[in-house]
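All remarks here apply to the structure that follows.
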Amino acid sequence: MQTYNYISLTIEQGIGSLTIERPKVLNALSTEVLEELELMIDDISMMETIDVLLLTGAGEKAFVAGADIAEMKEKRVFEGRTFSEVGNRVFSKLANLRQPTIACVNGFALGGGCELALACDMRIGAENAKFGQPEVGLGIIPGFGGTQRLARLVGTGMAKELIFTGNIIDAKEAHRIGLLNRVVPAEELLIEAQNLANQIRKNAPLAVELSKEVIDRGLEMPIEHGLRLEAEVFGSLFSTDDQTEGMDAFLNRRKAAFNKQ
């Protein structure tokens with residue numbers, strides 16, 4: 001079994017909780033952390049015991065404060081591009097997980113940390129959460145998907161303002177612009193995320209997974225193609241046990257017992 005030094009995973013009643021475990025350096029993303037994260041995501045993608053994944057950082061100060069600047073400082077063109085490609089590959093695997101993902105943002109989510117949150121399906125922030133893409137102040141640009149996912153989430157104008165200025169925004173502003181789904185007191189962060197996860201889990205798992213796939217794929221194609229994809233997937237679900245069970249339960253006013261088929 002793989003041994004992890006910088007991340008941990010717990011599973012309870014269908015909810016996986018993945019934690020970045022480098023609190024002394026504000027959970028900074030080094031090459032080693034990215035390697036472990038990729039291995040863990042690969043494992044999670046095959047775990048039938050996880051219906052929803054929560055992702056957070058250890059400690060009270062940071063979700064992930066960014067990439068490891070000390071490690072990046074000595075890189076040159078090839079090494080820099082490779083580092084970006086690795087980060088993008090890992091975060092794309094996270095974004096493409098079949099399970100819904102919820103970033104639980106406690107404290108700083110800067111640079112790569114903000115990009116990690118962006119790669120999740122939903123984001124819940126503690127009141128002390130801070131977001132930003134301050135890379136231009138270091139002479140670089142966001143390299144783990146920030147130029148692409150941030151613009152898709154909050155719009156190009158707001159994304160350009162955040163990236164061009166490098167400004168750091170608080171949880172209230174992040175919620176206002178659509179970067180956060182919800183803001184809660186820090187002590188309620190994981191409880192709120194677990195409640196949201198359980199609301200998702202009560203529904204047909206295959207329908208939830210395919211909803212995610214259709215939304216994400218549809219954003220990359222003309223709306224006419226997206227609507228065609230929606231119709232195809234909608235129709236395909238009428239061959240599933242979960243569709244039969246869900247509609248029968250509704251008509252008979254009972255709780256559905258889905259079996260992921």
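Quick notes on this one:
- Residue that is touching an Asp or Glu at 6+ places or on another chain (Cβ under 6 Å) and either within 25 Å of Ala186 (Cβ to Cβ) or polar (S, T, N, Q) (or both), where the choices are Thr101, Thr165: Thr101
- Among the candidates Leu196, Leu237, Leu162, Leu210, residue that is assigned by TED's automatic domain parsing to the domain that holds Phe108 and closer than 30 Å to Ile11 by Cβ: Leu196
- Of the residues making up segment 140-159, those that are under 21 Å from the mean Cα position of the chain (by Cα) and either outside the structural domain of Ala197 (by TED's automatic domain parsing) or part of a helix (DSSP H, G or I) (or both) are Gly146, Thr147, Gln148, Arg149, Leu150, Ala151, Arg152, Leu153, Val154, Thr156, Met158, Ala159.
- If the condition is being in contact with a helix residue (DSSP H, G or I) (Cβ under 6 Å, 6 or more places away or on another chain) and among the small types (Gly, Ala, Ser), then segment 88-110 contributes Ala103, Ala109.
- Test: residue in segment 37-51 that is in contact (Cβ under 8 Å) with a residue 60 or more places away in the chain and assigned by TED's automatic domain parsing to the domain that holds Arg182: yes
- Flag for Gly137 being loosely packed, with under 15 Cβ neighbours inside 10 Å, modelled with pLDDT under 95 and part of a helix (DSSP H, G or I): no
- The residue list Gly155, Gly145 contains one member that is of a type in the set (Gly, Ala, Ser), out of contact with any Ser or Thr (no Cβ under 7 Å at 6 or more places or on another chain), at positive phi and buried (at least 20 other Cβ atoms within 10 Å of the Cβ), which is Gly145.
- Those helices (runs of 4 or more DSSP H) of segment 162-261 in which at least 3 residues are hydrophobic (A, V, I, L, M, F, W, C) and under 30 Å from Phe108 (Cα atoms), considering only elements entirely within it, cover 189-201.
- Yes/no for Gly57 being in contact with a Gly (Cβ under 6 Å, 6 or more places away or on another chain) and not charged (D, E, K, R): no
- Residue selected from segment 188-235 under the condition among the β-branched types (Val, Ile, Thr) and within 18 Å of the chain's Cα centre (by Cα), by the criterion farthest from Leu55 (Cα to Cα): Val214
The values are calculated or read from the model by the stated rules, or taken from the named source; none is laboratory data. Since the structure is predicted, the reported quantities are computational estimates derived from the model, not experimental observations. Virtual Cβ from ideal backbone geometry, glycine too; neighbours counted across all protein chains shown.
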